[in-house]
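See structure below.
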Amino acid sequence: MTDRFIDRMARLDDLDALHRVMSRSIAQLQTEFLTPEQVTASHRVMGLDSLLVRDGTYFLVECGDRIAGCGGWSFRETLYGGDESIIAREPSIVDPSSGAAKIRAMYTDPDFTRRGIGRRILKLCEQAARSAGYRRAELMATAVGVPLYESCGYTPKTKLQFAQVGGVQVPLLRMEKML
């Protein structure tokens with residue numbers, strides 16, 4: 001039997017379920033790439049910016065009654081970080097003629113990895129950003145996300161950076177792609 005995946009825009013009543021998926025994803029999928037301390041610190045750096053849901057730019061993919069994955073794009077300046085992260089967010093709007101759409105908060109439930117969920121969400125985000133007039137997209141990749149983004153045509157924009165959380169460095173890579 002083949003799983004049936006359905007994508008849709010996230011709604012505010014999805015927030016609790018989205019937070020659970022993100023928490024599981026960070027806790028389980030980062031372990032091959034980060035130390036236990038870095039995984040713990042990642043929960044303070046990553047997460048969902050609920051403004052993405054309010055802006056109507058956040059997608060999820062469902063399989064039955066479960067969220068298999070989620071991710072979005074933004075027309076705002078903020079590159080990464082969620083409602084409860086330590087990262088400062090900048091809600092000002094990016095001009096599509098000169099700036100880049102931001103790919104944000106991409107997560108796959110650990111039970112649904114290696115089934116094209118991330119690639120599917122990324123394609124939805126890129127199509128929506130292109131339709132909104134953006135010619136370029138950028139993102140801040142976690143170590144686990146870099147292989148997906150590279151396979152989808154993203155290239156590093158800067159050298160590896162580190163978010164500092166209580167003396168722990170969480171590696172991040174800023175990447176971009178022409179749409």
Checklist line | Filter result for ARG54 (at pLDDT 95 or above, surrounded by fewer than 21 Cβ atoms within 10 Å (Cβ to Cβ) and under 22 Å from ARG115 (Cβ atoms)) | finding: no
Next item on the list: Go through the residues of the stretch 94-105 one by one and say whether even a single one is surrounded by fewer than 22 Cβ atoms within 10 Å (Cβ to Cβ), among the basic types (Lys, Arg) and in contact (Cβ under 8 Å) with a residue 24 or more places away in the chain.
Entry: no
Next item on the list: Please indicate, with yes or no, whether at least one residue in the stretch 122-135 is loosely packed, with under 14 Cβ neighbours inside 10 Å and under 22 Å from THR31 (Cα atoms).
Entry: no
Note to self: Here are the criteria: (1) touching a Gly at 6+ places or on another chain (Cβ under 7 Å); (2) farther than 21 Å from GLN127 by Cβ. Tell me which single one TYR58 does not satisfy.
What the structure shows: (2)
Margin query: With the structure loaded, tell me whether GLN169 is part of a strand (DSSP E or B) and either at pLDDT below 95 or of a type in the set (Asp, Glu) (or both) or whether it fails that test.
Written below: no
Note to self: Within the stretch 78-102, take every residue that is of a type in the set (D, E, K, R) and at pLDDT below 95 and give me the one that is farthest from LEU179 (Cα to Cα).
What the structure shows: GLU84
Margin query: Can you find, within the stretch 1-43, the residue that is farthest from PHE59 (Cα to Cα) among those that are touching an Asp or Glu at 6+ places or on another chain (Cβ under 8 Å) and surrounded by 14 or more Cβ atoms within 10 Å (Cβ to Cβ)?
Written below: ARG24
Note to self: Suppose we keep only residues that are hydroxyl-bearing (Ser, Thr, Tyr) and part of a loop (DSSP other than H, G, I, E, B) within the stretch 113-160. Which one would you say is farthest from GLY69 (Cα to Cα)?
What the structure shows: THR158
Item checked: Sole exception among (1) free of Cβ contacts under 8 Å to residues at least 12 places away in the same chain; (2) crowded, with 18+ Cβ neighbours inside 10 Å for LEU173, by number -> (1)
Notebook entry, point to check: Quick check, is LYS159 crowded, with 16+ Cβ neighbours inside 10 Å and charged (D, E, K, R)?
Noted result: no
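The values are calculated or read from the model by the stated rules, or taken from the named source; none is laboratory data. This structure is a prediction, so every number in the text was calculated from the model and none was measured. Every residue, glycine among them, receives a Cβ derived from its backbone with ideal geometry; neighbour counts consider all protein chains shown.
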